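Peer 1: Pasting in a structure now, in structure tokens, and then I'll have a few things to ask.
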Amino acid sequence: MKKVNIGTNAFLYPMPVTLVGSLVEGRPNFMAVAWVSRVNSMPPILGAAINQRHHTPQGIQENQSFSVNIPSLELMEKTDYCGLVSGREQDKSDLFEIFYGELKTAPMIQECPLCLECKLLQVVPLPTNSLYLGEIVGAYSEERYLTDGKPDIRKMNPFVLTMPDNRYWKVGDPAGSAWTIGKNLKKG
Ligand SMILES: Cc1cc2nc3c(=O)[nH]c(=O)nc-3n(C[C@H](O)[C@H](O)[C@H](O)COP(=O)(O)O)c2cc1C
């Protein structure tokens, strides 16, 4: 089949849906962020690409910290709201029950099955967004979301995003074992 060039406004499939938490002028604020990834092995570093016009960058800079919270499907409406409305216009601090970890300045969401507390390491400015690189200094979950001590995606029930059609999707069934199934093709 012939490949069709669909243009350059292209994305990864799917993207995680997260809520980035920060303290802006002392008030907890949460924004939806899908452009986020683990970017370093050891120490564990996350990168979040955030538009410089948003309210969140001010809080990250002020406190040199942020959190990345993974919402479950039940939090879809509140998560979307956090992606529609700026903390500059509306107070988003009362949407969730908030807790803090060791940094004391990265607000995290009690209702989320997984919350990652990050210490800001570096900011890489790009034309519209800045890449906020933060070292994970704490990861918080609950027994009910874990299997053998590790976060279990079935129990966490997160949702993912596709762009540019802008739709949320549920996560499906496991399909294979990573770093294992490919061994079948090893030569020799
Ligand atoms: C599902 C979803 C994902 C989003 N991902 C990002 C992102 O990765 N980076 C970004 O800068 N904005 C992203 N946004 C937009 C911001 O969340 C939105 O502009 C938000 O209101 C900014 O909040 P703040 O001004 O309080 O920081 C996303 C919005 C939605 C709905």
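Peer 1: Scan the stretch 38-51 and report the pairs whose first residue is more than 16 Å from the ligand (Cβ to nearest atom) and whose second residue is assigned to a strand (DSSP E or B), with Cβ atoms within less than 6 Å and a gap of 6+ or a chain change.
Peer 2: Pairs that qualify, where the first residue is more than 16 Å from the ligand (Cβ to nearest atom) and the partner is assigned to a strand (DSSP E or B), are P43/E135; P44/I136; I45/V39; I45/L133; I45/E135.
Peer 1: Looking only at the stretch 107-128, filter to residues that are of a type outside the set (D, E) and open to solvent by less than 10 Å² (accessible area, probe 1.4 Å); which one of those is farthest from M76 (Cα to Cα)?
Peer 2: Among them, the one singled out is C118.
Yes or no, residue by residue, for (1) at negative phi; (2) within 14 Å of the ligand (Cβ to nearest atom); (3) open to solvent by less than 50 Å² (accessible area, probe 1.4 Å); (4) not in a loop (DSSP other than H, G, I, E, B):
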residue: V160; (1), (2), (3), (4): yes, yes, yes, yes
residue: D165; (1), (2), (3), (4): yes, yes, no, no
residue: P174; (1), (2), (3), (4): yes, no, no, no
residue: G182; (1), (2), (3), (4): yes, no, yes, yes
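Peer 1: Can you run down the residue pairs with Cβ atoms below 6 Å, 6 or more apart or on separate chains, where the first is in the stretch 122-133 and away from the ligand (no atom under 11 Å from the Cβ) and the partner is not hydrophobic (A, V, I, L, M, F, W, C)?
Peer 2: Going by the 6 Å Cβ cut-off, the qualifying pairs are V123/S130; V123/Y132; L133/G47; L133/Q122.
Peer 1: Further question: Inspect the stretch 64-72 for any residue being aromatic (F, W, Y) and over 22 Å from W169 (Cα atoms) and give the result as yes or no.
Peer 2: So far as the stretch 64-72 goes, yes, one or more of its residues are aromatic (F, W, Y) and over 22 Å from W169 (Cα atoms).
Peer 1: Is it the case that the stretch 72-82 has a residue that's open to solvent by 50 Å² or more (accessible area, probe 1.4 Å), modelled with pLDDT of 95 or more and away from the ligand (no atom under 15 Å from the Cβ)?
Peer 2: Yes, the stretch 72-82 contains a residue that is open to solvent by 50 Å² or more (accessible area, probe 1.4 Å), modelled with pLDDT of 95 or more and away from the ligand (no atom under 15 Å from the Cβ).
Peer 1: If a residue has to be surrounded by fewer than 17 Cβ atoms within 10 Å (Cβ to Cβ) and among the small types (G, A, S) to count, how many in the stretch 16-66 make the cut?
Peer 2: Number of matching residues: 4.
The values are calculated or read from the model by the stated rules, or taken from the named source; none is laboratory data. As the structure is a prediction and not an experimental result, all values here were calculated from the model. Cβ atoms come from the backbone with ideal geometry, glycine included; neighbour counts cover every protein chain shown. Quick note on the areas: whole protein, heavy atoms, side chains included, nothing else; ligands and nucleic acids left out. Shrake-Rupley method; radii C 1.70, N 1.55, O 1.52, S 1.80 Å.
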